[in-house]
Every structure is written in C-alpha cells, then in structure tokens.
1. Here are some residues: LEU152, LEU128, LEU173. Which one is under 15 Å from the mean Cα position of the chain (by Cα) and surrounded by 22 or more Cβ atoms within 10 Å (Cβ to Cβ)?
2. Between ARG55, ARG38, ARG11, ARG21, which is under 24 Å from LEU168 (Cα atoms), out of contact with any strand residue (DSSP E or B) (no Cβ under 9 Å at 6 or more places or on another chain) and either surrounded by fewer than 16 Cβ atoms within 10 Å (Cβ to Cβ) or not polar (S, T, N, Q) (or both)?
3. Which one is modelled with the highest pLDDT, of the residues in the range 19-62 that are part of a helix (DSSP H, G or I) and of a type in the set (Gly, Ala, Ser)?
4. Could you grab me the full set of residues in the range 122-155 that are over 17 Å from LYS53 (Cα atoms) and touching a Ser or Thr at 6+ places or on another chain (Cβ under 8 Å)?
5. Kindly provide the set of residues from the range 148-191 that are closer than 25 Å to LEU10 by Cβ and touching a Cys at 6+ places or on another chain (Cβ under 7 Å), ordered by number.
6. Here is a list: LEU67, LEU6, LEU59. Which entry is touching a residue at least 12 places away in the same chain (Cβ under 8 Å) and more than 18 Å from HIS95 (Cα to Cα)?
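The values are calculated or read from the model by the stated rules, or taken from the named source; none is laboratory data. All values derive from a computational prediction rather than experimental measurement. Quick reminder, even Gly has a Cβ in these numbers, built from the backbone with ideal geometry, and neighbours come from all protein chains shown.
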Amino acid sequence: MQPHLLELVLREFGLQVIEQRSPLVVPRTVSCQLLCDRLEGMTALIHAHTNEKTRAALLVAPILLHLAVLYQLHLACGTAFYGCSAQGLSGTVDHVVRRATSPRSPLASNITAIVETKSSDRGFSHCLVQMVVAQQCNQHPGMIYGVVTTGLVWRFLKLEGTMVTLDLTDYPLLPIKLLLSLLGPMLQSAP
C-alpha cells in the first residue's frame, strides 16, 4: 500500500481508518459450480506480466457477473463517474455494482460496491476515492464496499459515514468458495 497517497485521501475527505485482518462481512455460502468450471481455464491464461485490463476481463468480470445474475444486481464495467462529487471528482471505475431497482434508473443510485483491478498497492487510495463519490451519489448514503484485486488476490474495504475499515488479509482467487462467500454479502448489501 502507498501510505502517503492513502493518508492524503483520508485527510482530504476527513476519513478515519480501522485496519483489521478479518472479514468485513459474515461469510455465506454461494452456489458456484458453473463459475468454477469457467474460471478453471481462465487462470491458466494469467501470468506475472498480464495487464490489468486482461485480468479484469478474464477473472474479475466473470465472478462479478455470476454474482450479479445470482442476486439480480446491476453490473457496469469501465463506467465513467462524473458529476456526483462536490469536490469535482471524476474518472473511470473498473466495476460498479448496484442494487437493481429498474433497468432505466441512473447508474449513480444504489451503489453497493466499487471493484478495482490493479497490479499495485495504489488501488486502495484509488478505490477509496471512488467509494466516497459513490457514497455521495447514493440516494440514501450508507455503507459502500470496495474491492481491490489483481484478479488472483483480493482485498476489501468498507466505507460507512467517515469510517473506513481495511481488511488487510489477502484473499486468494482459489478456492473460489471462500472468495464468493465474502463477495456475495458485500455486493447485495443495501446502501
């Protein structure tokens, strides 16, 4: 993690941080046989120098899509985030998950999680800024989860009000059941 960048983000938004090495949610079993079959071949395509976009497409997107279908969530990939923040923040979010209210409702509402595929520790500060913007966009500001992943290793954040909880545990892609048992409850949480 790049501590100076994270400290800057925390200071800029008046956030407090708690670091822990335990899950942010109570794990729940998620059906995953079909996903396991799909991912089996995908992991063989990933090597040390695979870029973020490839890992996002081959590993991260199928996992999020599986959960979106399972829990009837809306998933958007590569979405531009504009106009939500009083600070004038904007940018592209790798993956946004929101509760499905209606197919025509604006992307900005009901966001439950932001997922960033990064190859370095700069992902925490990047994801946290996007979580703050998402929190401001929600009609009912509340808890927002964040995920920073290389595709093979996953780490989680939670933003509730001005309190940020960082789970410093590295969760591996495989066995997928553990990862899904944590992601499922995060993605379907109501803001």
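1. Result of the check over LEU152, LEU128, LEU173: LEU128.
2. On inspection, the qualifying residue turns out to be ARG11.
3. If we filter the range 19-62 for residues that are part of a helix (DSSP H, G or I), which is where we start, we get 33-45, 52-62.
In the following step, the residues that additionally are of a type in the set (Gly, Ala, Ser) were identified as 41, 44, 56-57, 61.
Details: GLY41: 73, ALA44: 75, ALA56: 86, ALA57: 85, ALA61: 91.
Restricting to residues being part of a helix (DSSP H, G or I) and of a type in the set (Gly, Ala, Ser), the top hit is ALA61.
4. Step one: filter the range 122-155 for residues over 17 Å from LYS53 (Cα atoms), giving 124-125, 128-146, 155.
Those that are over 17 Å from LYS53 (Cα atoms) and touching a Ser or Thr at 6+ places or on another chain (Cβ under 8 Å): VAL132, VAL133, GLN136, CYS137, ASN138, GLN139, MET143, ILE144, TYR145, ARG155.
5. Selection gives VAL148, LEU157.
6. Exactly one of LEU67, LEU6, LEU59 is touching a residue at least 12 places away in the same chain (Cβ under 8 Å) and more than 18 Å from HIS95 (Cα to Cα), namely LEU6.
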